[in-house]
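This report refers to the structure that appears directly beneath it.
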Amino acid sequence: MQTLESVLAEHRFLKGLARPHLLELVDCASNVRFEAGQYIFHQGEEANAFYAIRQGKVALEVFVPERGAVVIEMVTEGDVLGWSWLIPPHRWRFDARAVELTRALAFDGTCLRTRCEEDPDFGYELLKRFSRVITERLEATRLQLLDVYHG
Amino acid sequence: MAKHEQKHAMKTLPDPMVPHPYSVRRVSRDTYDTFTLELEQANGAGGPPFAPGQFNMIYLFGVGEVPISISGNPARSNALVHTVRAVGTVTKPLVTLKRGDVLGVRGPFGSSWPVEEAKGSDVVIVAGGIGLAPLRPALYYLLSHRDAYGRVVLLYGARTPADLLYTRELEDWRGRFDIEVEVTVDAASGDWRGNVGVVTTLIPWARFEPSDTVAMVCGPEVMMRFTVQALQERGVAAENTFISMERNMKCAVGFCGHCQFGPTFICKDGPVFRCDRMEPFLWKREI
């Protein structure tokens, strides 16, 4: 049977993490499951977790009056969902909805922030990984703004 | 060759500057601004043989002439197929043509996708917007010679779901087990279940072996620049990456110089180029 540690170690976002750091994460982790159509969080709610998607697909949405929900990004297997747990004021900026059955690892934000404060090496490692994700998404957003298909 | 034979040969060679009359057999709407025209010759025959990636000059009498890639199946010669986005002086009236209307066609011109050279390798096709049209003949070819290739991957990006071309065929290709199809859009409404994000975000996770992959890329130039970058980050060599360029093509045979790009003419030396040959010029603003 797979342990939580081995599941974490195999996830793309956490690959290569040192074992002591993995164990810190295990202490804050739990397995979660969302049915298709289920909202994982809503804009404005307290952001106290991040999710490492193991299977499925999650739409990040913004509600626009007269247009309804607009999907701005799709997060899939191997991706992470949510960094607002890390950055004050710890509120979700978007809605997240499971598009299909989604299995993920949920990491408790309060637990993680405490561990990061206590163990700066762990905190720095986690921050580097999140910075990469944030950078990739910022670059992708800039390309979206460029409207690259409009030749 | 004897002198009289040369003279005879010169007489019989078709003049590339003379358009041949074709009539419209069918016009079908792909999106709100993009249409596919099926053309036939007066005797009901389709077009001349072409290689995937080549283009024709389409002449709308009294309006003007535009270069349009051939988007049909190279194995089927019963119709000449072009997909046209209605954005310009010629293309806007072009898509209002009806069955039986006549227009002029010169071609086919230019270089082609390296479908023969890619045999034995994985092939990744990256298309942006209407860039799928010039790549569709290559896809037809790859799928009709499927055993000759490794993995075949199609990554296709468009602005919105309403901008996606050939949606029925995309569904068919998705249903096959021998091609991986990933489609992404920049923005979508809540009922969209596909990917959201630019096409470059699909490249890191697509299943192909970068060291043995031939990449074929077509779309607006800015999209191709970032795609080439993402392919290189994944490990696909520039000499195995091919892009289709577009410039203001007029004569289509390298005489007029309108489509000069660095040391090349897009119409004659392209439109399909090996990326390492064009890369030094891709990032030059002055060109």
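Read-outs throughout are calculated quantities, based only on the coordinates presented, and are distinct from any laboratory measurement. Keep in mind the model is a prediction, meaning the values are calculated, not measured. Cβ placement follows ideal geometry from the backbone for every residue including glycine, while neighbour counts extend to all protein chains displayed.
For the stretch B:109-119, what does the Karplus curve 6.51 cos²θ - 1.76 cosθ + 1.60, with θ = phi - 60°, yield as ³J(HN,Hα) per residue in whole Hz, taken in order and with x for Gly and Pro?
10, x, 7, 10, 5, x, 5, 6, 5, 7, 4
Which ³J(HN,Hα) values in Hz, rounded to whole numbers, follow from the phi angles of the stretch B:16-22 under the Karplus curve 6.51 cos²θ - 1.76 cosθ + 1.60, where θ = phi - 60° and Gly and Pro get x?
Karplus-based 3J(HN,Hα) across the stretch B:16-22 equals x, 8, 9, x, 9, x, 10 Hz.
Grab the DSSP H runs of chain A that are 4 residues or longer, score each as -39,500 (n - 2.57), total them, divide by all residues and round the 222 nm result to the nearest 500 deg cm²/dmol. Let's see the in-between values first.
Details: 4 runs with 54 residues, N = 151.
About -11500 deg cm²/dmol.
If r is the Cβ-Cβ distance from B:Arg274 to A:Arg142 and R0 is 25 Å, what FRET efficiency results, to the nearest 0.05?
On the way: r = 28 Å, r/R0 = 1.13.
Step by step, r from the Cβ atoms, then E = 0.35.
Mind checking the angle between helix A:109-118 and chain A's longest principal axis? C-alpha axes, 0 to 90 degrees, to the nearest 10.
50 degrees
Using the Karplus curve 6.51 cos²θ - 1.76 cosθ + 1.60 with θ = phi - 60°, work out ³J(HN,Hα) for each residue of the stretch B:94-100 in order, rounded to whole Hz, and write x for Gly and Pro.
In residue order, the calculated couplings are 4, 7, 8, 4, 10, 3, x Hz.
Report the residue, chosen from B:Gly110, B:Gly257, B:Gly194, that carries the largest GNM mean-square fluctuation when chain B is represented by alpha-carbon nodes joined by springs under 10 Å.
B:Gly194
For chain B, what is the calculated [θ] at 222 nm in deg cm²/dmol (nearest 500), taking -39500 (n - 2.57) for each run of four or more DSSP H residues and dividing by its residue count?
Working: 7 runs with 61 residues, N = 287.
The helix-only estimate for chain B comes to -6000 deg cm²/dmol at 222 nm.
Give me the log10 of I(q) over I(0) for chain B at q = 0.09 Å⁻¹, as the Debye formula computes it from C-alpha points; what are the numbers?
Values returned for q = 0.09 Å⁻¹ are -0.44.
Putting +1 on Lys and Arg Cβ atoms and -1 on Asp and Glu Cβ atoms, find which of B:Ser189, A:Ala59, A:Val32 reaches farthest to the positive end of the dipole of the protein assembly as shown.
Result: B:Ser189, furthest along the dipole toward the positive end.
How many nm separate the modelled label positions at B:Ser211 and B:Ser144, each set 7 Å beyond the Cα in the direction of the Cβ?
That separation, rounded to one decimal, is 3.5 nm.
Please work out whether the protein assembly as shown counts as rounded, prolate or oblate from its C-alpha gyration tensor, where a ≥ b ≥ c are the square roots of the eigenvalues and a/c under 1.5 means rounded, while otherwise a/b larger than b/c means prolate and anything else oblate?
Details: a/c = 2.59, a/b = 2.16, b/c = 1.20.
Here the protein assembly as shown falls in the prolate category.
Can you sort A:Lys57, A:Lys15 so the residue with the fewest Cβ neighbours within 10 Å comes first? Before the final figure, lay out each step's value.
Details: A:Lys57 20, A:Lys15 11.
Ascending Cβ contact count within 10 Å gives the list A:Lys15, A:Lys57.
Roughly what would the spin-label model give for A:Val133 and A:Asp121, points 7 Å off Cα along C-beta, in nm?
If labels sit at A:Val133 and A:Asp121, their model points lie 2.3 nm apart.
Any idea what angle helix A:19-28 forms with the longest principal axis of chain A, computed on alpha-carbon atoms, 0 to 90 degrees, nearest 10?
60 degrees
Under the rule a/c < 1.5 gives rounded, and otherwise a/b versus b/c splits prolate from oblate, where does chain A land using the Cα gyration tensor? Could you put the intermediate results ahead of the total?
Details: a/c = 1.69, a/b = 1.52, b/c = 1.11.
Prolate is the answer for chain A, as a/c is 1.5 or above and a/b outweighs b/c.
Tell me whether the stretch B:12-109 comes out rounded, prolate or oblate; compute the Cα gyration tensor, take square roots of the eigenvalues as a ≥ b ≥ c, and use a/c under 1.5 as the rounded threshold. The partial results should precede the final answer.
Working: a/c = 1.44, a/b = 1.25, b/c = 1.15.
It comes out rounded by the Cα gyration axes.
Quick one: longest stretch of chain B between exposed loop chymotrypsin sites (Phe, Trp or Tyr not before Pro), exposed meaning at most 15 other C-beta atoms within 10 Å and loop per DSSP?
Details: sites that count: B:Tyr32, B:Phe61, B:Phe177, B:Phe255, B:Trp283.
With a cap of 15 other Cβ atoms within 10 Å, the longest stretch comes to B:62-176.
Mind scanning B:Lys119/B:Lys268; B:Lys250/B:Lys284; A:Lys57/A:Lys128; B:Lys92/B:Lys119; A:Lys15/A:Lys57 and naming the pairs with a C-alpha gap bigger than 31 Å?
Values: B:Lys119/B:Lys268 25 Å; B:Lys250/B:Lys284 23 Å; A:Lys57/A:Lys128 24 Å; B:Lys92/B:Lys119 39 Å; A:Lys15/A:Lys57 20 Å.
Going by Cα-Cα distance, B:Lys92/B:Lys119 fall outside the 31 Å limit.
Evaluate the distance, in nm, between pseudo-label points positioned 7 Å from the Cα of B:Val95 and of A:Glu5 along their respective Cα→Cβ axes.
If labels sit at B:Val95 and A:Glu5, their model points lie 6.0 nm apart.
Any chance you could run the full-extension gain for A:Tyr39 through A:Arg19? It's 0.36 nm times the residue separation minus the Cα-Cα distance, nm to one decimal. Show your work: numbers first, answer last.
Details: separation 20, 0.36 × 20 = 7.20 nm, distance 3.26 nm.
Between A:Tyr39 and A:Arg19, full extension yields 3.9 nm more.
Between helix B:3-12 and chain B, what is the angle of the helix's C-alpha long axis to the longest principal axis, kept within 0 to 90° and rounded to the nearest 10?
Once rounded, one gets 60 degrees.
So who's got an amide H within less than 5 Å of the one on B:Val84, skipping anything under 5 residues away but keeping other chains? H placed 1.01 Å off N, in plane.
Residues meeting the criterion, in which the H sits 1.01 Å from N, are B:Phe35, B:Thr36, B:Leu37.
Going by how many other beta carbons lie within 10 Å of each one, how would you line up B:Cys218, B:Cys259, A:Cys111, fewest first? Walk me through the numbers before you get to the answer.
Numbers: B:Cys218 30, B:Cys259 23, A:Cys111 17.
Going from sparsest to densest Cβ surroundings: A:Cys111, B:Cys259, B:Cys218.
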